[in-house]
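Peer 1: To start, I am sharing the structure in question, which I have written as structure tokens.
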Number of protein chains: 2
Amino acid sequence: MPEHNIVVLGGGLVGGFIARELSRSSLGGERLRVTLVDRDSAGLERSLAQAQSLGGRLSTNQADVSDRDVLLKVIEEATLIVGALPGHLGFAALRTVIESGRSVVDISFCPEDLLALDSLARNNGCTVVVDCGVMPGLGGMLAVNFAQRFRDEGGEPQSMRILVGGLPIVRRWPFEYTAPFSPSDVIEEYVRPARVLEHGKLVEYPALSGIEHIEFPGIGTLEAFNTDGLRSLLVTLNVPSMVEKTLRYPGHAEKMRLLRELGLFSPAPLRVAAPGGSRLDVAPLALAETLLRQAWSLPDGEGELTAMRVEVSGALPGESGAEALTLRADLLDYGDSESYASSMARTTGWPAIIAARMILDGTLVRPGVLAPELIGQQEPLWRRMLVELEAAGIEIRESRLESAAPPAQAAVL
Amino acid sequence: MPEHNIVVLGGGLVGGFIARELSRSSLGGERLRVTLVDRDSAGLERSLAQAQSLGGRLSTNQADVSDRDVLLKVIEEATLIVGALPGHLGFAALRTVIESGRSVVDISFCPEDLLALDSLARNNGCTVVVDCGVMPGLGGMLAVNFAQRFRDEGGEPQSMRILVGGLPIVRRWPFEYTAPFSPSDVIEEYVRPARVLEHGKLVEYPALSGIEHIEFPGIGTLEAFNTDGLRSLLVTLNVPSMVEKTLRYPGHAEKMRLLRELGLFSPAPLRVAAPGGSRLDVAPLALAETLLRQAWSLPDGEGELTAMRVEVSGALPGESGAEALTLRADLLDYGDSESYASSMARTTGWPAIIAARMILDGTLVRPGVLAPELIGQQEPLWRRMLVELEAAGIEIRESRLESAAPPAQAAVL
């Protein structure tokens with residue numbers, strides 16, 4: 001039996017990618033043993049075939065891990081778990097895994113408060129890195145790292161913003177958007193109020209508000225609008241003003257606001273006419289999901305991209321008083337059809353893969369539920385994250401925007 | 001028993017208005033006797049109360065005229081019928097009325113070919129004026145009258161266009177629109193291909209296409225887009241290029257195209273998720289009607305308007321060759337809350353009322369199914385129409401746009 005025995009829970013686009021890539025890699029000269037688990041055989045077979053064609057050795061296990069006993073059996077021989085289940089299954093599975101005393105890297109992005117599992121993880125000696133994708137995940141690592149660099153230079157970060165979005169390369173009216181996952185998750189982002197920090201105060205804005213245009217090198221003009229994506233950064237990062245926005249091609253937010261205003265995202269059933277003069281009760285949201293699944297599907301053979309910008313701005317002591325500084329990171333990733341990897345799978349999967357490798361080789365050993373920002377905070381971990389991301393072809397372009405003028409105190413990015 | 005005994009079929013917004021106004025008027029010194037018929041009591045009671053407060057004497061009759069025997073009984077003593085039924089009931093009722101040998105003015109705008117009833121009407125000696133509202137109706141009268149004036153001056157009309165729309169005064173995002181009737185009728189206008197005549201050729205365009213901006217005096221900028229509104233003008237008017245467009249506040253068409261593109265106007269049932277993990281089949285169109293009924297309702301106390309522009313353009317012999325001429329009519333009508341009259345009821349109702357009075361006093365006697373354009377073709381009828389419209393406060397502003405340059409032969413308005 002090899003030393004490292006990894007079980008990946010969930011064979012969706014990202015889970016399958018993570019399992020495949022882990023099965024191709026080695027650690028300390030030893031090949032990793034990887035088992036991919038899913039309720040449905042389709043995703044398992046696809047990942048198996050892809051892993052084989054890429055030279056990986058993947059095992060699969062068709063099992064419904066929403067059953068606790070099944071899950072315990074599935075992870076019996078595992079040394080590390082990677083959680084890539086749908087959000088609504090994520091929390092229960094995570095708790096069971098921690099109860100069994102195993103370490104986990106999780107990207108199920110479940111809605112529950114994951115810190116509730118912190119003392120359980122510490123008592124059981126498990127290292128649990130949660131929300132470890134591109135955003136939440138890598139974006140937060142960059143933000144935390146930039147804020148630290150500000151302070152290292154004797155300055156003070158005043159504001160932070162993260163702009164992130166997945167987009168199709170081919171733009172088609174009306175939405176100019178394709179969703180790699182269920183439309184309901186995207187609609188949820190467009191409905192849930194966005195929590196923003198302004199001068200230390202927590203403020204809520206409606207989702208899809210605060211639309212602005214930004215220029216993104218290599219793409220052109222994108223729009224950015226408020227969504228509720230700060231998550232753990234509201235607690236872990238000490239910067240007075242923080243916002244997370246979603247990136248789309250210009251005009252998308254207005255169209256989604258129209259659908260929301262029309263009532264199409266409401267889960268409350270409405271009585272509508274049915275054939276034969278009868279009536280039936282239907283939730284507009286259920287129909288919206290069906291219609292948008294068609295409208296947002298990526299046509300075969302077309303590619304997508306992931307764009308992210310992280311900025312931390314503030315004041316730095318200069319020769320003649322305070323100067324304004326912005327540290328910026330831009331990430332632009334395209335899918336790679338030769339390795340069956342959408343950019344969404346690559347950018348979400350690689351931070352999780354690298355974190356998993358850090359736990360396996362003993363680089364990351366702190367027990368407890370850890371926000372991904374921890375990796376941006378600890379320089380050795382962060383250096384390794386950057387090096388391994390670059391090796392995977394995910395490039396982060398940093399820039400330093402300086403201005404002799406002092407930063408406007410009231411400015412909120 | 002008075003000489004004139006009028007039965008108005010349909011007590012909706014327009015039918016109720018027509019009945020009320022006819023009940024207040026007299027002809028040859030004699031008061032008209034008017035009976036309003038509807039299946040539901042609510043509209044009857046409202047019209048009765050309004051007629052009384054305005055000094056009219058209205059009778060009501062609650063009856064379901066979709067039953068042929070009921071209809072025959074209802075019109076037993078009538079000397080003239082005004083048809084204001086929903087479109088799907090209009091044709092059958094019209095045929096029954098003509099079979100009984102009675103004359104009719106109809107505004108039910110039914111989808112069937114009304115000329116199919118022409119020989120029946122002629123055989124029975126009935127004068128049947130159909131589609132006699134604002135558009136179809138008054139707009140066609142103006143178009144035909146302008147084309148005739150062109151030829152009277154020795155010129156040749158080359159193109160005709162009619163732009164018409166009902167709009168709320170208060171503009172609210174996203175639709176800036178309220179519908180005085182069922183949303184399904186409006187959606188139908190946004191789905192049915194628009195038949196247009198171009199240089200003598202019949203061409204079909206998608207509804208909501210051909211969006212252009214026009215300046216309307218008293219309102220500002222409106223958008224106009226193709227809808228299928230020419231109806232009988234395609235047959236009755238000999239002008240090589242003709243188009244009808246609907247007027248809305250700018251941006252409306254794009255939003256409706258978005259909803260259409262999304263599939264929300266499709267009558268084909270889709271399988272969607274229902275509570276408890278079950279599935280149900282729902283027609284997106286049925287939900288769209290429910291949602292748009294809310295979104296397009298006119299808030300209490302807010303007013304609406306009707307705007308129409310009719311233009312006939314072409315060449316006129318000048319001293320040094322052909323000159324370009326456009327004859328234009330603009331109609332802008334606001335509702336009158338003191339007489340409980342929306343502009344939609346006023347502008348649709350008055351052409352029908354005036355046509356009814358022409359039949360009653362023997363001015364209009366030709367038997368057969370008559371397109372409303374006939375009234376614009378015959379100068380005495382047209383003069384009277386204009387005079388009585390003006391007396392009702394509906395003003396048509398004509399203008400004559402001349403240019404020394406010859407009209408571009410290829411130009412389609």
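The values are calculated or read from the model by the stated rules, or taken from the named source; none is laboratory data. In this text, all values refer to a predicted model and were calculated from it rather than measured experimentally. With ideal geometry, Cβ positions are generated from the backbone for all residues, glycine too; neighbour counts draw on all protein chains shown. Side chains included, ligands, DNA and RNA excluded: accessible areas come from the protein's heavy atoms. Shrake-Rupley method; radii C 1.70, N 1.55, O 1.52, S 1.80 Å.
Peer 1: Please express the Cα-Cα pair-distance distribution P(r) of region B:142-238 as a list of whole percents, one per 10 Å bin, running from 0 to the bin with the greatest distance.
Peer 2: The distribution over region B:142-238 is 12, 38, 35, 13, 2, given as percents.
Peer 1: Just checking the output field for A:269-281: average partner chain Cβ neighbours within 10 Å of each residue's Cβ?
Peer 2: 4
Peer 1: Let me ask you something else. What number comes out for the charge environment of B:Met308, summing +1 per Lys or Arg and -1 per Asp or Glu over other residues with Cβ under 10 Å away?
Peer 2: -1
Peer 1: Quantify how strongly other chains surround peptide B:290-296 by giving the mean number of their Cβ atoms within 10 Å of each of its Cβ atoms.
Peer 2: 4
Peer 1: Also: Can you list which of the trypsin sites (Lys or Arg not before Pro) found in region B:25-124 are DSSP loop residues with at most 15 other C-beta atoms within 10 Å?
Peer 2: Loop-located and lightly packed - B:Arg57.
Peer 1: I've got another one for you. Accessible area of B:Met242, 1.4 Å probe, to the nearest 10 Å²?
Peer 2: 0
Peer 1: Rounded to the nearest 100 Å², what is the sum over both chains of accessible area buried where A meets B, with a probe of 1.4 Å?
Peer 2: 2400
Peer 1: Label position 7 Å from Cα toward Cβ: report the copy-to-copy distances for A:Gly321 in nm, one decimal, ordered from shortest.
Peer 2: Nearest to farthest, the other copies are at 7.0 nm.
Peer 1: Just how much of A:Ser41 is accessible, in Å², when a 1.4 Å probe is used and the result is rounded to the nearest 10?
Peer 2: Around 40 Å² of this residue is reachable by solvent.
Peer 1: How many nanometers, to one decimal and shortest first, lie between the label point of B:Ser26 and those of its other copies, if labels sit 7 Å from Cα toward Cβ?
Peer 2: 11.1
Peer 1: Which of the lysines could a cross-linker bridge to B:Lys245, judged by Cα under 24 Å and excluding same-chain residues fewer than eight apart?
Peer 2: Within the straight-line cut-off, B:Lys245 pairs with B:Lys201, B:Lys255.
Peer 1: May I ask for the longest run of chain B untouched by GluC sites (Glu not before Pro) that are loop-located per DSSP and have at most 15 neighbouring C-beta atoms (other than their own) within 10 Å?
Peer 2: B:154-301
Peer 1: A:Asp64 to A:Tyr334: extension gain in nm, 0.36 nm per residue of separation minus the Cα-Cα distance?
Peer 2: Computed gain between A:Asp64 and A:Tyr334 is 93.9 nm.
Peer 1: Which distances in nm, rounded to one decimal and ordered from shortest, link the label point of B:Asp113 to the equivalent label points in the other identical copies, with labels set 7 Å from Cα toward Cβ?
Peer 2: 7.2
Peer 1: Something else now. Normalise the Debye intensity by I(0) for region B:34-114, one equal point scatterer per Cα, no solvent, then take log10 at q = 0.14, 0.19, 0.20, 0.26 Å⁻¹ and round to two decimals.
Peer 2: -0.47, -0.84, -0.92, -1.33
Peer 1: Oh, and also: Could you report region B:77-173's accessible area per residue, 1.4 Å probe, as an integer in Å²?
Peer 2: With all protein chains present, region B:77-173 gives 35 Å² per residue.
Peer 1: Using +1 on the beta carbon of Lys and Arg, -1 on that of Asp and Glu, and nothing else charged, what's the dipole of the protein assembly as shown about the Cα centre, debye to 20?
Peer 2: 880
Peer 1: Leaving out ligands, DNA and RNA, what percent of the accessible area of the protein assembly as shown is carbon and sulfur, probe 1.4 Å?
Peer 2: Here it works out to 50 percent.
Peer 1: Here's a follow-up. Around B:Glu189, with a cut-off of 14 angstrom between Cβ atoms, what is the net charge of the other residues, counting Lys and Arg +1 and Asp and Glu -1?
Peer 2: +2
Peer 1: Please give the average number of partner chain Cβ atoms lying within 10 Å of the Cβ of each residue in A:162-175, rounded to a whole number.
Peer 2: Per residue, the number of nearby Cβ atoms from other chains is 1 on average.
Peer 1: Hey, how many Å between the Cα centroid of region B:53-84 and the Cα centroid of region B:205-221?
Peer 2: Between the Cα centres of region B:53-84 and region B:205-221 lies a distance of 39 Å.
Peer 1: Can you give me the relative contact order of chain B as a percent, contacts being Cα pairs under 8 Å and 6 or more apart?
Peer 2: Once normalised by length, the contact order is 19 percent.
Peer 1: Additional query: Quick one: Kirkwood hydrodynamic radius for the protein assembly as shown, alpha-carbon pairs, angstrom, one decimal?
Peer 2: For the protein assembly as shown, inverting the mean 1/r across all distinct Cα pairs yields 31.6 Å.
Peer 1: Ignoring ligands, DNA and RNA, how do B:Tyr340, A:Tyr177 rank by accessible area with a 1.4 Å probe, largest first?
Peer 2: Correct descending sequence by accessible area is B:Tyr340, A:Tyr177.
Peer 1: Which helices count as membrane-span-like in chain B under these terms: full DSSP H, at least 20 Å along the axis by C-alpha, Kyte-Doolittle mean of -0.5 or more?
Peer 2: Result, helices passing both filters: B:138-152, B:343-360.
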